[in-house]
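The values are calculated or read from the model by the stated rules, or taken from the named source; none is laboratory data. All values reported here derive from a predicted model rather than from experimental measurement. Note: ideal-geometry Cβ built from the backbone for every residue, glycine included; neighbour counts use all protein chains shown. Areas reflect the complete protein model, heavy atoms only, side chains present, ligands, DNA and RNA absent. Shrake-Rupley method; radii C 1.70, N 1.55, O 1.52, S 1.80 Å.
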Amino acid sequence: MDELVDGFRYDLWANRLWLDFLASQGFPQPESLIFQHLLAAQEIWLLRFGGASPSAMPTPELSHATLQRIHDGWVEALKSEDRVVEYRRTTGEPGSRLLSEIAKHVVNHGTYHRGEMRGICRGRGEDGFPETDLISYSFAVRP
């Protein structure tokens, strides 16, 4: 599970950069809604791991405290043994997946949506958006 924790460290680093960028731009749309969706997905999967099955997506606050809370929750969850997580989707449909599969999905989902936000910014001709590829993280933490 250590490799999964590393994935969440990368995810937190990238999310912090995007949060700071979005705040500096006045939380533009649709990027801020996409970012909130990214965090909501991380939170709902964490809630599912804890045994809850919310019928609606949460609406997490766009703040560093939220990023840290979600990150800490995932790091704590990944201290447990890999196990099947039983849950219900927001539609009520039942599902089950290994914790490790869910964790990989959550990190990959974040990468996908950060790329989506980058594409929106680039399409508008903006620059200055964060470069949050995994290799950029690698250089940032181990220059």
Take segment 71-82 and flag every residue that is within 18 Å of Ser100 (Cβ to Cβ), assigned to a helix (DSSP H, G or I) and open to solvent by 30 Å² or more (accessible area, probe 1.4 Å). Val75, Glu76
Do we have any residue at all in segment 74-87 that's among the small types (Gly, Ala, Ser) and on the phi < 0 side of the Ramachandran plot? yes
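To keep it simple, each residue is scored yes or no on (1) among the small types (Gly, Ala, Ser); (2) under 13 Å from Thr66 (Cα atoms); (3) over 11 Å from the mean Cα position of the chain (by Cα).
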residue	(1), (2), (3)
Asp2	no, no, yes
Tyr10	no, no, no
Arg16	no, yes, no
Pro28	no, no, yes
Glu31	no, no, yes
Ala40	yes, yes, no
Glu43	no, yes, no
Do the conditions hold for Phe49, that is, is it surrounded by 11 or more Cβ atoms within 10 Å (Cβ to Cβ) and closer than 24 Å to Arg142 by Cβ? no
Whether any residue in segment 20-43 is open to solvent by less than 40 Å² (accessible area, probe 1.4 Å), free of Cβ contacts under 8 Å to residues at least 12 places away in the same chain and more than 16 Å from Ala103 (Cβ to Cβ) is what I want to check. yes
Of the residues Arg118, Arg48, which single one is within 24 Å of Trp18 (Cα to Cα), modelled with pLDDT of 95 or more and in a helix (DSSP H, G or I)? Arg118
Residue check: is Arg69 of a type in the set (Lys, Arg) and within 24 Å of Leu134 (Cβ to Cβ)? yes
For segment 90-109, which positions are in a loop (DSSP other than H, G, I, E, B) and charged (D, E, K, R)? Glu93
When residues of segment 121-143 are filtered for being assigned to a helix (DSSP H, G or I) and open to solvent by less than 80 Å² (accessible area, probe 1.4 Å), how many remain? 7
Criterion: assigned to a helix (DSSP H, G or I), β-branched (Val, Ile, Thr) and under 15 Å from the mean Cα position of the chain (by Cα) - qualifying residue of Thr66, Thr59: Thr66
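Let's see how each residue does on (1) open to solvent by 60 Å² or more (accessible area, probe 1.4 Å); (2) free of Cβ contacts under 8 Å to residues at least 12 places away in the same chain; (3) farther than 15 Å from Phe8 by Cα:
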{"position": "Val84", "(1), (2), (3)": "yes, no, yes"}
{"position": "Ser100", "(1), (2), (3)": "no, no, no"}
{"position": "His109", "(1), (2), (3)": "no, no, no"}
{"position": "Gly119", "(1), (2), (3)": "no, yes, yes"}
Taking the criterion of being touching a Pro at 6+ places or on another chain (Cβ under 8 Å), open to solvent by less than 50 Å² (accessible area, probe 1.4 Å) and either at positive phi or of a type in the set (A, V, I, L, M) (or both), would at least one residue in segment 53-70 satisfy it? yes
